[in-house]
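No lab work stands behind these numbers, since they all come straight from the coordinates. Nothing here was measured: the structure is a model prediction, and the numbers come from that model.
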């Protein structure tokens, strides 16, 4: 009887460790909470609380054959968590890509600031677009999808059943490729207007050579860019909010391929 109790306790402890690894990977890689600015203690505490909530609802499946080493199983659970968390970062990467394109055309290629979240140098326009996407991420309750995905992932992909199939790899690559399409789509209205402004300045330089186009064009492109960004904010906000709203279906499709 005591041996049976010890076996059950050991099995439940192993299950708790595997659940904690997957939940921690989701928390560490998800937007907002997973940022470097959030203290590690907060992430660890939130992961532990969610593990205590989720673990009683998770059941270890009966696996045929010898069990894999614990570290291998932990690695599989960590991969699942990172796939879930990093997949949402694609939207933020697309927004920053759009900001970089706009900033480059406005002449802000060297006007960079240090992003406190990624510790990388980014354009001020890209930083502005990132914080706008961050506010929309919270406004449309997209962070609720992650907390829902914690429980849903254990239902769709039970513990120790992860395998890196070709279908999953293809889904990840296709979804990552949408970053460039979404980035160009978000920045297209402002980029096209700035391109037309540059063409117009080129025509003026050819017809009126006495005008110093560099002195006139630089502040003009900045002004046109800022006005265009203000006018395009509703379109950009609608597109980003829709991308976050559709993230639930994308996440479900990825979980089904695991």
Over the chain: helical MRE at 222 nm, DSSP H runs n ≥ 4 each giving -39500 (n - 2.57), nearest 500: -26500 deg cm²/dmol
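So what's the chain giving for Cα Rg divided by 2.2 N^0.38 Å, two decimals?
Normalised Rg, Cα atoms only: 1.32.
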Among 77, 170, 152, residue whose mean-square fluctuation peaks in a GNM of the chain (springs only between Cα atoms under 10 Å): 170
Helix 40-54 axis, angle to the chain major axis (alpha carbon atoms, nearest 10°): 50
Rounded to whole Å, sorted largest first: equivalent-ellipsoid semi-axes of the range 208-258, Cα gyration tensor: 44, 13, 6
Choice from 239, 13, 104 with maximal GNM fluctuation in the chain (Cα, 10 Å cutoff): 13
Tilt relative to the chain, helix 143-156 - C-alpha long axis, 0 to 90 degrees, to 10: 40
Degrees separating the helix 213-245 axis from the principal Cα axis of the chain, which is the longest one: 30
Geometric extent, Cα atoms of the range 176-236 - Rg, Dmax (angstrom): 14.4, 48
For the chain, built as a Gaussian network whose Cα springs stay under 10 Å, the top-fluctuating residue of 91, 32, 224: 224
